[in-house]
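The values are calculated or read from the model by the stated rules, or taken from the named source; none is laboratory data. The structure displayed is predicted, hence computed values, not measured ones. Virtual Cβ from ideal backbone geometry, glycine too; neighbours counted across all protein chains shown.
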Amino acid sequence: MTARIALSSPDITEAEIAAVGEVLRTTSLSLGPRLPEFERAFAAWHGAAHAVAVSSGTAGLHLAVRACGVGRGDEVITTPLSFVASANAILYEGAVPVFVDVEDDSLNLDAARIESAITPRTRAILPVHLFGRPAAMPEILDVARRRGLAVIEDACEALGAEIGGRRAGTLGKAGVFGFYPNKPITTGEGGMIVTDDDGLAHLCRSLRNHGREDDSFEHARLGYNYRLPELSCALGLAQVRRLDSILARRADVARRYHERLADLPRVARPALEIDGGRVGWFAYVVRLHGGAAPGVRDAVIGDLRGRGIGCQRYFAPLHLQRHVQAVARHARGSFPIAEAAAERTIALPFFGALTDAQIDEVVSALRESLGRHDAGVV
Ligand SMILES: *Cc1c(COP(=O)(O)O)cnc(C)c1O
């Protein structure tokens, strides 16, 4: 069932439609001129030396993990509270995701717990800027520097986020973005690796195109087909040109939710502003306060969906997923903060074109539903 008020919606204008249409009038549908144009625009917006476009955020994470030299049996420290792709990118290389619990406030990797999880097999740290809120990068970079580990930022949810005046995704050895249609900008499917490391950029360009170094059939290494087609690059380029206004509209919607949810005591709102940084609004995810029974969250999601309001639980803990358990067993209760958060989060409809009336409708449906379940319905 499609929701009357969608959970997310891409921000597409006539400029994007024209840009895609133009590509169809050419004979260059892959590896054409839009690819470097999109990459250069994305790199420039981030103040990064290189941007390498790929076919998805997951493909970007996979190449970043591989290009950082992570291999079979190696360990990568990461968060258990994320979209599954951040752990899968590690698993693809036969490496082991080593989870450490999150901070209760930010829901991001707790930097204070990283050191004790490091072993002689640890190669990298892969923090995720969850829901656009930057992870504790100064602390993470500090541990990584002291212990000689690479940092790969999963910035797929953090376009426009900032840490100490720098864009999320530009602080580690590599940062990865995703352009699935629920992200702030979309290419249909797509992703981007951002790095200042010339060698890493070169290697990722080769890996995304069958391990090629040139257009011959001599292959320097095992590669993949993770190319991003010209149609997607043209769409992405048009989106990057509007990026500041797209992000500003999303921040405005977050601000309006924040105001309207102020008098719902059972609902913990995401921080609108943070010390030393800026949130890049990917999703608007509230948490029901600890007093609410875990079943209330699912009942509330059911109520909102019943009224045509798109919403989602974000996310189920990664350490409890079956395919992750097959590699590293974790009992329930291993990462209590992530597990408790995962039972209480609700992502509300969130996109730049959300109107005041729609925000009011979502908030009053939430208020009504919580009131009902508070009274003992669940
Ligand atoms: C969206 C997302 C990705 C990438 O997803 P794709 O669908 O492969 O583009 C990776 N990590 C996180 C945390 C994400 O939210």
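Structure values in brief
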quantity: Total residues in the stretch 51-88, condition within 23 Å of Arg113 (Cβ to Cβ) and under 12 Å from the mean Cα position of the chain (by Cα); calculated: 7
quantity: Hey, Glu189 within 14 Å of the chain's Cα centre (by Cα), modelled with pLDDT of 95 or more and surrounded by 24 or more Cβ atoms within 10 Å (Cβ to Cβ) or not; calculated: no
quantity: Candidates Val300, Val240, Val253, Val296 - the one that is modelled with pLDDT under 95 and part of a helix (DSSP H, G or I); calculated: Val296
quantity: Some residue of the stretch 353-372 being outside any helix (DSSP H, G or I), modelled with pLDDT of 95 or more, touching a strand residue (DSSP E or B) at 6+ places or on another chain (Cβ under 7 Å) and of a type outside the set (Ser, Thr, Tyr); calculated: no
quantity: From Gly277, Gly223, residue being more than 18 Å from Ser8 (Cα to Cα) and under 22 Å from the mean Cα position of the chain (by Cα); calculated: Gly277
quantity: Candidates Val286, Val324 - the one that is surrounded by 19 or more Cβ atoms within 10 Å (Cβ to Cβ), touching a Leu at 6+ places or on another chain (Cβ under 9 Å) and either in a helix (DSSP H, G or I) or at pLDDT below 95 (or both); calculated: Val324
quantity: Those residues of the stretch 160-180 which are within 16 Å of the ligand (Cβ to nearest atom) and either assigned to a strand (DSSP E or B) or touching a Leu at 6+ places or on another chain (Cβ under 7 Å) (or both), in sequence order; calculated: Gly160, Ala174, Gly175, Val176, Phe177, Gly178
quantity: The stretch 181-202, residues that are among the hydroxyl-bearing types (Ser, Thr, Tyr) and within 16 Å of the ligand (Cβ to nearest atom); calculated: Thr186, Thr187
quantity: Subset of the stretch 73-84 (residues that are farther than 30 Å from Ala268 by Cβ and assigned to a loop (DSSP other than H, G, I, E, B)); calculated: Gly73, Asp74
quantity: Considering residues of the stretch 33-72 that are over 23 Å from Gly165 (Cβ atoms), of a type in the set (Lys, Arg) and not in a loop (DSSP other than H, G, I, E, B) only, the residue nearest to the ligand (Cβ to nearest atom); calculated: Arg66
quantity: Test: residue in the stretch 224-232 that is touching a strand residue (DSSP E or B) at 6+ places or on another chain (Cβ under 9 Å) and under 30 Å from Ala254 (Cβ atoms); calculated: yes
quantity: Among (1) within 19 Å of the chain's Cα centre (by Cα); (2) more than 30 Å from Gln239 (Cβ to Cβ); (3) surrounded by fewer than 24 Cβ atoms within 10 Å (Cβ to Cβ) - the single one Phe99 does not satisfy; calculated: (3)
quantity: Odd one out for Pro294 among (1) over 15 Å from Phe350 (Cβ atoms); (2) buried (at least 19 other Cβ atoms within 10 Å of the Cβ); calculated: (2)
quantity: Residues of the stretch 109-128 that turn out to be part of a loop (DSSP other than H, G, I, E, B) and either at pLDDT below 95 or within 11 Å of the ligand (Cβ to nearest atom) (or both), as a count; calculated: 1
quantity: Failed item in (1) of a type in the set (S, T, N, Q); (2) farther than 16 Å from Arg66 by Cα; (3) at pLDDT 95 or above, with Thr195 passing the rest; calculated: (2)
quantity: Set Ala251, Ala238, Ala283: member being in contact with a strand residue (DSSP E or B) (Cβ under 7 Å, 6 or more places away or on another chain), closer than 21 Å to Cys156 by Cβ and of a type outside the set (Phe, Trp, Tyr); calculated: Ala283
quantity: Test: residue in the stretch 85-101 that is touching a Pro at 6+ places or on another chain (Cβ under 7 Å), in a loop (DSSP other than H, G, I, E, B), within 16 Å of the ligand (Cβ to nearest atom) and not charged (D, E, K, R); calculated: no
quantity: The stretch 305-321 residues that are over 10 Å from Ala342 (Cβ atoms), paired with ones that are aromatic (Phe, Trp, Tyr) and part of a loop (DSSP other than H, G, I, E, B) (beta carbon under 7 Å, 6 or more apart); calculated: His319/Phe335
quantity: Among the residues listed as Arg241, Arg212, Arg250, the single one being surrounded by fewer than 24 Cβ atoms within 10 Å (Cβ to Cβ) and touching a residue at least 12 places away in the same chain (Cβ under 8 Å); calculated: Arg241
